[in-house]
Every structure is written in structure tokens, then in C-alpha cells.
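What follows is one structure encoded as C-alpha cells, with my remarks underneath.
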Amino acid sequence: MARKATTKDTIRKNTISDMKSLGVYSTSYNSIIDIYSELREQYELLTKEYKKGGYKYEIETADGGGKKSPIVATLETLRKDILAYSDRLKLNPKAMESTKPSGNKKSKLGDMLKKIDRQ
């Protein structure tokens, strides 16, 4: 089994490769791919830290209560951002569904042009 990509450069290369295999890559996506790759790298690094810390979900507050630890909050935000970018880059099934052309939609302009050609 191949090692999981954890550096920005490796994630970037794999992302471009995945997009090419899906037929959705264009160089105009490069700046978004860079941001996506950086987010994924940050997520991997923070996940390792969270694991090292024993998956501590809450921290104690000054008044003796508990609140979500900063690393958990950051991981949650990164997950949301990664999902949003993966949608934009068409890297997940949901995003691919929204880009498939509908077979039963007819173009009004296309119909009009066909009528003009017939005359």
C-alpha cells in the first residue's frame, strides 16, 4: 500500500493527477490546487499532533468547565474548507454529479437554430 501523501508538493501532484484522470484538470485551477494542497498538508500535520496528544477533545477553562480544544476546532474548520475546495476542483462524487449534463434538457437556442437551418 502506498504511503499517504502528506506534503504540499506531493498532495498537489496527486491532485493534478486525479483531476486529469477524471478529465476535469485545467491550468486555470492551479491557484486553487495550491490552496487545497496547503489545507490538506495542514490537516495532516494537525491530525498527527491531535493523535500524539491522545485525541484530547476538551480543555479545561479557568472556571473549571470544559470547552472544545483549539486543535479540534481548527481540524473541523479545515475539514469544511477541504470539502469546499474538493467540490470546486470536482474531486468528489457529489461535485461530479452537478457537472454531468442532463440528458432531457433541451436548449431553446439550439431548437431555434435547428428551425432556422431547416428553412
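The values are calculated or read from the model by the stated rules, or taken from the named source; none is laboratory data. Computed from a predicted structure; not experimentally measured. All Cβ positions, even for glycine, are placed from backbone atoms using ideal geometry, and neighbour counts span all protein chains on display.
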* Structure fact -> Counting only residues that are surrounded by fewer than 16 Cβ atoms within 10 Å (Cβ to Cβ) and within 17 Å of Glu44 (Cα to Cα), the range 60-73 contains a total of 2
* Any hit, the range 28-44, residues being in contact with a Leu (Cβ under 8 Å, 6 or more places away or on another chain), modelled with pLDDT under 95 and under 21 Å from Lys4 (Cβ atoms) -> no
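Of the residues in the range 37-59, how many are farther than 24 Å from Lys13 by Cα and surrounded by 14 or more Cβ atoms within 10 Å (Cβ to Cβ)? Give the steps one after another, and end with the answer.
From the range 37-59, those farther than 24 Å from Lys13 by Cα are 49-59; that's our starting set.
Subset that is surrounded by 14 or more Cβ atoms within 10 Å (Cβ to Cβ): 50.
Here the count works out to 1.
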* Asked: Among Asp18, Asp34, which is the only one that is surrounded by 12 or more Cβ atoms within 10 Å (Cβ to Cβ) and in contact (Cβ under 8 Å) with a residue 60 or more places away in the chain?
  -> Asp18
* Out of all the residues in the range 20-40, which are more than 14 Å from the chain's Cα centre (by Cα) and in a helix (DSSP H, G or I)? -> Lys20, Ser21, Leu22, Thr27, Ser28
